[in-house]
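Okay, so here's the structure we're looking at.
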Amino acid sequence: MNSKNKLIVIIMILALFYISSNHFTQAKTNNGQLSKLIIKSLENWHYSGKLLNKRFTEEGFSEFIKVLDFDKRFLMRSDIDILKLKIDSLKDELKSGNIELMRLAFELKDKRIDQIIKLYPSLLDKKLDYTKDENIEIDSEKRDFFSNITQLKDYWRKRLKYRIIVRYISLSRANDKKNKGKISDKELKKKQEQKF
């Protein structure tokens, strides 16, 4: 997808976010009118005469997922698979203003965020093993969505450990004589909890 097409897809996604976020607070007809305007704009007014076809909706879906969970920290592969089932009905949903894909996407992400929020206190209570040699892939482009809940939990445990180590190194480099070498694991975890 070239940069001009990518830009128009991103604009469409942002408009869809607007529609879906207002879906619960505004009348359905307003969303339907906005959806129709987006479709008309894409098909008639865009310089390349974009058609809302399967290829375009698939590319739009891919961009939407990147915006929804840009760092692949929350959603799992099973969530993406569920959302993919809605691609074929996206054109009809846009025309009606009842965008089920968006509602479901936010619902799935909220569910995963709730799971992480409930998990985090137990991670903060456990003593982390800094002697254990572990790796974490920070670059989301180099990893896929989590296959299961165990991978999700393990990622967040390693992420917490990583952030604590980075914080410790940062404080050490600042040569803060008051804190150097005297920062407890509990204090670092508390600072990380505030940044979550």
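Values quoted throughout were computed directly from the atomic coordinates according to the rules given, and no laboratory measurement underlies them. Everything numeric here is computed off the predicted structure, so don't read it as measured data. FYI the Cβ positions are ideal-geometry reconstructions off the backbone, even for glycines, and counts take in every protein chain you see.
Residues that are among the aromatic types (F, W, Y) and under 30 Å from I165 (Cβ atoms) within the range 99-129 comprise just one, Y120.
Within the range 69-82, the set of residues being in a helix (DSSP H, G or I) and surrounded by fewer than 20 Cβ atoms within 10 Å (Cβ to Cβ) comprises R77, S78, I80, D81, I82. Scanning the range 130-160 for residues that are in contact (Cβ under 8 Å) with a residue 24 or more places away in the chain, farther than 22 Å from K66 by Cα and touching a Lys or Arg at 6+ places or on another chain (Cβ under 9 Å) returns Y130, E134, R157, L160.
Considering only residues in the range 145-169 that are in a loop (DSSP other than H, G, I, E, B) and not hydroxyl-bearing (S, T, Y), the one that is surrounded by the fewest Cβ atoms within 10 Å (Cβ to Cβ) turns out to be N148.
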